[in-house]
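Structure first, then comments.
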Amino acid sequence: MHVLIAPQEFKGSLSAEEAADAIARGIREARPAWRLDVLPFSDGGPGFVDAMRRATRTDTVGIVTHDALGRRSLGRYVVARDDGAAFIEAAQANGLVHIPPAERDPLAAGTFGVGELIAAAFAGKPPRIVVGVGGSASTDGGAGMARALGARLLDANGAELPPGGGPLADLDRIEWKAPPALDGVEVIVATDVTSPLLGPGGAAAVFAPQKGATPVQVVLLERALERYALVVEQDLGVRIGSLPGGGAAGGLAAGLVAFLGARVTSGFDVVAAATGLPGRLAAADVIVTGEGSFDSQSLQGKTTGRLIDLCRVAGKPCVILAGRGEGALTLSSLEPDPRISMERAAGLLSDLASRWARGFPTPLAPGEGCGLA
């Protein structure tokens, strides 16, 4: 039996690499003769840099940057040795993982640190920069990123706005001149969502609550982003309000398009091409993937949903291991207390994978998840 193990991160508990290793341990315990192809995956969010580092020959660059609340932190990106392309994981700077729940501030969180990572990458004169977005703590439309690269966001009195998405409600004009280092550089946004910046399916309405925003703050952020989109169109000539994928990472994707002329693409496709996923999937008899929460959003461009689609086309069974969710084998079935489940996620995931492997074959249809028997 040849098994492809390709999970993404289990948010808040395991990186994609830790999850993949845990699944592999469990399967090896139950079925030592099986051949395992271990492929920790990312669709542009946390783990993107590690996925690209494993897939290609790269050099890692570390810099001092700032997190979503402006505190100094360490960030890194990788540079491909063959052509000098830079791969940046925005969550290295503005990731929600860096902000404890009690310290989250949805109105003030920003993307300045992401701009610092991009500026550092520009210094290497790459032919292209691929920015993986996802897992962010911010909803500022990429305003902080632009500020780090030289933009000035001003109110009606000519004063610079404070950081974060909330203050964008007072935005009057933007002063921006693209840095010379941008000349000749292709900027690509790798994302796992198609959500626009604005509206009921946008950055504030859908994703801000996941970052700690109250219903009142969601309304404030939506209004602020509406003002931001209006001024961006007025001063930069770029329409970002309804741009597919523009709502990714709290609108960071829209900001990258507006200020750097970026092109939005599927983060899953970027990693799949780099890791040779099509061939590895074709060689496997069964695919095991997973994430922290398997739900409707999983089917909208995220790793698990895309793998299910590919398995269905290829006629391969796909097993979903998740912290929680319907249509998957879940850690919550082994440990119902969410706090304990997250603390013991690695051991529970190994146990879950082992139980599945011992019970294989199960009545799986191609491309369908595996529920508990």
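Read-outs: derived from the displayed coordinates by stated rules, not from any lab. If you're wondering where the values come from, they're calculated on a predicted model, not measured in any experiment. Backbone-built Cβ (ideal geometry, glycine too); neighbour counts: all protein chains shown.
Per-structure values
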quantity	calculated
Dipole of the stretch 48-267, positive direction: furthest Cα of 174, 253, 84, with charges on the beta-carbon	84
Label zone at residue 34 (point 7 Å along Cα-to-Cβ), backbone N below 13 Å, the stretch 330-352	350-352
Share, in percent, of DSSP beta bridges within the chain that are antiparallel, nearest 5	40
Per-selection Kirkwood Rh - the stretch 1-160 (Cα, Å, 1 d.p.)	17.1
Helix-only [θ]222 nm of the chain, DSSP H runs n ≥ 4, -39500 (n - 2.57) each, per residue, nearest 500	-10500 deg cm²/dmol
Equivalent ellipsoid, the stretch 256-304 (semi-axes from 5 times Cα gyration tensor eigenvalues, Å)	26, 17, 7
Protection proxy ranking of 332-344, 284-296 - average other beta-carbon atoms within 10 Å, highest first	284-296, 332-344
Extension gain, residue 178 back to residue 285 (0.36 nm per residue minus Cα-Cα distance, nm)	33.6 nm
Partners for residue 11 among lysines (Cα-Cα distance below 20 Å; same-chain residues under 8 apart left out)	211, 302
Three principal axis lengths of the stretch 215-373 [C-alpha, angstrom, descending]	61, 39, 22
³J(HN,Hα), Karplus 6.51/-1.76/1.60, whole Hz, each residue of the stretch 329-346, x for Gly, Pro	7, 10, 5, 5, 6, 9, 9, x, 6, x, 5, 5, 4, 5, 5, 10, 4, 4
Mean-position separation - Cα centroids, the stretch 307-366 and the stretch 61-86, in angstrom	33
Convex hull (Cα only) mean projected area of the stretch 48-267, reported in nm² to one decimal	10.7
Of the chymotrypsin sites (Phe, Trp or Tyr not before Pro) in the stretch 1-100, those whose Cβ has at most 12 other Cβ within 10 Å and which sit in DSSP loop	none
The stretch 1-79: trypsin sites (Lys or Arg not before Pro) in DSSP loop, at most 15 other beta carbons within 10 Å	57, 71
Cα-projected label distance for residue 160 with residue 274, points at 7 Å along beta-carbon direction, nm	3.2
Answer label, with P(r) over Cα pairs in 10 Å bins from 0, in percent calculated from the coordinates and candidates [x] 5, 20, 28, 23, 13, 6, 3, 2, 1, 0; [y] 5, 17, 22, 22, 17, 9, 4, 2, 1, 0, 0; [z] 6, 25, 32, 23, 11, 3, 0, 0	[z]
Acute angle (nearest 10 degrees) that the helix 215-236 long axis makes with the longest principal axis of the chain, alpha-carbon atoms	60
Unit charges at the beta carbon, dipole of the chain: most positive-side option, 241, 264, 55	55
Charge dipole magnitude, Cβ of K and R +1, D and E -1 - the chain, Cα centre, debye nearest 20	680
For the chain, built as a Gaussian network whose Cα springs stay under 10 Å, the top-fluctuating residue of 348, 107, 236	236
Choice from 309, 83, 172 with maximal GNM fluctuation in the chain (Cα, 10 Å cutoff)	83
GNM flexibility winner over the chain from 281, 36, 225 (Cα, springs under 10 Å)	36
Mean-position separation - Cα centroids, the stretch 123-138 and the stretch 172-213, in angstrom	12
